[in-house]
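The values are calculated or read from the model by the stated rules, or taken from the named source; none is laboratory data. As the structure is a computational prediction, the values presented were derived from the model and not from experiment. Positions of Cβ are backbone-derived with ideal geometry, glycine not excepted, and every protein chain shown enters the neighbour counts.
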Amino acid sequence: MLSSIAFLYDEHTSEKKYERLVFEVEARIAQKNLGGHVYRLSAFRDFRETLDEASRSGVKTFVVVGAEKTFLDSIMFCPNHEIVFGFVPVFQSALAASLEIPTGPASVDILSARSMERFDLGFVNQTPFFNEVTLPETEAVFSSDDGFRLRPKSRWAMSVRNFGQVRLQGSDFANPGDGNLELIVQTRLEEKRSWWPWQKPEMGETRLFFKQGEIRAEQPIDAFVDGQVFTAQQFRFRIEPQVLRVIVGKQRLTGPLQTAKSELAKMA
Amino acid sequence: MFARPVDSLKNDAPAPSPSASPRMQNTIIAKGVIVEGDFKSDGDVTIEGEVKGTLKINGRLIIGSEALVSGTIEAKDALLAGTIDGPIMVNGDLELQATAKVKGDVKCHILAIQRGAKVEGKIQMQNGTSN
């Protein structure tokens, strides 16, 4: 029998400390009549194969039970983005907080409420990403397809954000539904020679929006795509607007983002 | 068991989420960064770094006191405090701060110049008056 909903339990859910919480989640899933096919990730089960199998078997809704990274990886590696993604975090997650999804069994109520939001999906060298791509200090150059390029005077750190739930200094949350990617560049303005070693150097923050562009370096550099490391000399970016569907808390659809922001502040 | 499948979602149409609501895109080019080429924006733009090329801004353009711009500027409104080498065309209000140094023709609708600002070029008001 084909099931239209599938649950993917990651390795964290088999840890002893989450045993009771996972049991409560399963009980709530049964109580809400949301049961479907269950996949369990382990060291012997390939993540991509599991997603392929779920996608081929006609799954329409794919729910990750576990960690934030597993949820992001499922979006990155899922071959079919027609699928609706759900998330049941088993421990605190900044991403879940931004999506107004509580931790543990309460998140099953969010699945049951069936409120969905469409998000843009970013792509870097054909790999999809939901949250952000970060490049540690580099001298790479950013070029936009709109006809301009950005060159640093010194080394800089870059971040290309779609959802970007992490609030950077002075900047607001990225807007994952505006059809744009957001480039954040942090440059060290000057080397301060201070007697106080803990004094932080002055940083400049550049912030601009683009739809297509690339970051190119003279040597291969590392980029962290939603936590996965990719090494290349050129990273080409584009965005597909409103293609990703994620089950979110109703508060996100009806109220301001204050709750998510306050939850993030509490976690900080 | 499958009485309430999650895939038959109620809100299949794009939801008017707070994050999806139109938001003014504020672009900032900070100190230590050089922009080369044609830079366009529909929102407000603040420049503290260096620009070598054309700026076409449909919102308010702010050029900081340490910023350097070599090229043409077109903006809806502008507040300039930095060094600009090139023509400036502003559809609305243009304010030149005391630290502003402009080398090029200026065209605007309403102009305010602070004491100390330097302009080397022709100033033309959009109502036709030329100085």
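Miscellaneous remarks
- Of residues in the range A:58-70 being in a loop (DSSP other than H, G, I, E, B) and within 14 Å of chain B (Cβ to nearest Cβ), the one nearest to A:I101 (Cα to Cα): A:K60
- B:K103 being under 29 Å from A:T187 (Cβ atoms) and under 12 Å from the mean Cα position of the chain (by Cα): no
- Selection within the range A:124-147 - among the charged types (D, E, K, R), surrounded by fewer than 22 Cβ atoms within 10 Å (Cβ to Cβ) and within 11 Å of A:M158 (Cβ to Cβ): A:E137, A:E139
- Residue in the range B:73-94 that is in contact (Cβ under 8 Å) with a residue 12 or more places away in the chain, within 11 Å of chain A (Cβ to nearest Cβ), assigned to a strand (DSSP E or B) and basic (K, R) present: no
- Condition check for A:R48: more than 23 Å from A:V229 (Cβ to Cβ), charged (D, E, K, R) and away from every other protein chain (no Cβ under 14 Å): no
- Residues located in the range A:127-178, provided they are at pLDDT 90 or above and at positive phi: A:G147
- Test: residue in the range B:24-33 that is modelled with pLDDT under 95, more than 13 Å from the chain's Cα centre (by Cα) and part of a strand (DSSP E or B): yes
One line per residue, one yes/no per condition, for (1) closer than 19 Å to A:T206 by Cβ; (2) crowded, with 24+ Cβ neighbours inside 10 Å; (3) in contact with a strand residue (DSSP E or B) (Cβ under 8 Å, 6 or more places away or on another chain):
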{"position": "B:L61", "(1), (2), (3)": "yes, yes, yes"}
{"position": "B:S65", "(1), (2), (3)": "yes, no, no"}
{"position": "B:T72", "(1), (2), (3)": "no, no, yes"}
{"position": "B:D77", "(1), (2), (3)": "no, no, yes"}
{"position": "B:A81", "(1), (2), (3)": "yes, no, yes"}
{"position": "B:M89", "(1), (2), (3)": "no, no, yes"}
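- Qualifying residue in the range A:36-57 (condition: assigned to a strand (DSSP E or B), buried (at least 21 other Cβ atoms within 10 Å of the Cβ) and among the β-branched types (V, I, T)): no
- Looking only at residues in the range A:71-87 that are within 12 Å of another protein chain (Cβ to nearest Cβ) and buried (at least 20 other Cβ atoms within 10 Å of the Cβ), the one that is modelled with the lowest pLDDT is A:I83.
- Meets criteria (more than 27 Å from B:E66 (Cβ to Cβ), assigned to a strand (DSSP E or B) and either at pLDDT below 90 or among the hydrophobic types (A, V, I, L, M, F, W, C) (or both)) for A:V229: yes
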